[in-house]
Amino acid sequence: MTFQCQRDCYMKEFVTIVASCCPGELKQEIGGKKESVKGFTVKLQDTILFPEGGGQPDDHGLIADVPVLRVTRQGQDAAHFVGSSMEVGQEVRVKVDWQRRFDHMQQHSGQHLISALAESMFGYVTTSWELGRQRSNIELDTPTVKAEQIRELEDAVNEKIRAHIPVNVKLLYGDSPELEKVRSSELPDDHAWPIRIVDIEGVDTNLCCGTHVSNLSHLQVIKLLGVEKGKKNKSNLIFLVGNRVLKYAEKSYNTERSMVALLKTGPDGHVEAVDRLQKSMRLVQKTNVSLLRDLALLIAQNFKNDLNRGNFFSLHKKDGDSEFMNIIVNEINTKETLVFLTVGEEKGPGMFLLAGPSEQVTEMGPRLVELLQGKGAGKNGRFQGKASNLARRGEVEALLQQYCHPHTSKEQ
């Protein structure tokens, strides 16, 4: 069946009757994890909330002021998942989240237009498409799309928008001669007559269950952002339609203003300014690495030259790295000395390295990991890894000193 949302895509409120209500469960992503939410599945005599389908996500909205969390198609019915039970036979007012709905209408009609012209102009057939949260893409059956073709296609679709071309929805039966004009005439196995056709006058006639604008002028504008490599021998054409173009322009402008303030140069000089900064940063990093290596060698030499050194050496360096620790260990004779090194935040995450006589390292390594709440592994007299918290470093050092019968401890 066709729903009211398909018969009149611009209807924002609708009064109908609850046909059924039963307990249900919905899997939602909450805090990055999928969790099951208990609620109720409600079916209405008719609905203006579109169930997902045809590449278009479902609508959001309200039934009797109760938020609708999901709308799916179950056979010929639309199933609305809500948090509250509803009485069968109850008259309810349904409201659609219009901002979300109109956005979907713009992106979906825009996809039809882009796909039709990509095929007629260049022979690039659309094999699938995705309506994303921020941007959408069309999968074209071609390994490459030239930059010049993208420009030509963008000019062509926006020319159609300016031409104020009507978009009509038609219901066709199996004996209709108009079926021969339908661009995608493959019918799903569970289809029922009549079938729904979206017709952009003189441009495209396509089988579709989604919601669409009634005139191409309602698309406002289409921006083709570019092409990304798709599946084997296919390309993904990235696009924005209507209000998304306006939001993209606003976001880009705000970013541009921030870059002007940071780089102290106009927009035309941003690429050159960032390139200079990157080269300068690479030089600084190279210098820092060299200095850190020299410092590691100096620290090791100072310990070796200390006549009062013992058989235990400990050091923490906030700005060090694994190479810094390994240089120190390589310079110190760890067959006789137990070396405990850490780098990172003093009361935060970091890295550690324990080196020395194999028996001592094998015995103390796991205890070190436990105290530092980290993970690590060891062999051949070295045990190293990551610590989630270095706040208990002092405890580890005291434990190792006691184990070695302390002689010398140094901190930097």
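Where a number appears in this text, it was derived from the coordinates with a stated rule and is not lab data. These numbers come from a predicted model, not from an experiment. Here the Cβ is made from the backbone with ideal geometry for all residues, glycine too, and neighbour counts use every protein chain on show.
Among LYS386, LYS264, LYS146, determine the one that fluctuates most according to a GNM of the chain built with springs between C-alpha atoms less than 10 Å apart.
Among LYS386, LYS264, LYS146, the largest mean-square fluctuation in the Gaussian network model of the chain belongs to LYS386.
Give me the tail of P(r) for the chain as a percent: Cα-Cα pairs with distance above 35 Å.
Numbers: 47273 of 84666 pairs.
For the chain, the fraction of Cα-Cα distances above 35 Å is 56 percent.
Pairing the Cα long axis of helix 243-263 with the longest principal axis of the chain, what angle in degrees results, from 0 to 90 and rounded to the nearest 10?
That works out to roughly 30 degrees.
Taking a ≥ b ≥ c as the square roots of the Cα gyration tensor eigenvalues, with a/c under 1.5 meaning rounded and otherwise prolate when a/b beats b/c, else oblate, which class fits region 211-322?
Details: a/c = 4.02, a/b = 2.77, b/c = 1.45.
Prolate.
Amide H of TRP129: which non-local residues (sequence gap of 5 or more, or other chain) have their own amide H closer than 5 Å, using H built in the peptide plane?
Amide H neighbours of TRP129, under 5 Å, 5+ apart: GLU139.
Using the Cα centre of region 251-319 as origin and beta-carbon charges of +1 (Lys, Arg) and -1 (Asp, Glu), tell me which of ASN305, THR287, ASN254 is placed farthest towards the positive end of the dipole.
ASN305
Helix 358-372 against the longest principal axis of the chain: what's the angle in degrees, Cα atoms only, rounded to the nearest 10?
Its long axis makes an angle of about 50 degrees.
Longer than 22 Å from Cα to Cα, which of LYS317/LYS386; LYS335/LYS375; LYS223/LYS251; LYS146/LYS234; LYS146/LYS231; LYS317/LYS375 are they? Say none if no pair is.
Values: LYS317/LYS386 15 Å; LYS335/LYS375 24 Å; LYS223/LYS251 15 Å; LYS146/LYS234 13 Å; LYS146/LYS231 17 Å; LYS317/LYS375 19 Å.
In this structure, LYS335/LYS375 exceed 22 Å between Cα atoms.
What does the charge count around TYR248 come to, taking other residues whose C-beta lies under 11 Å from its C-beta (Lys +1, Arg +1, Asp -1, Glu -1)?
Details: positive: ARG135, LYS223, ARG244, LYS247, LYS251; negative: GLU250.
Neighbourhood net charge equals +4.
Mind pulling the angle between the C-alpha long axis of helix 98-122 and the longest principal axis of the chain? Nearest 10 degrees, somewhere in 0 to 90.
The angle comes out at about 80 degrees.
Determine the distance separating the Cα centre of region 339-397 from the Cα centre of region 1-75; give it in Å without decimals.
For region 339-397 versus region 1-75, the Cα centre distance is 54 Å.
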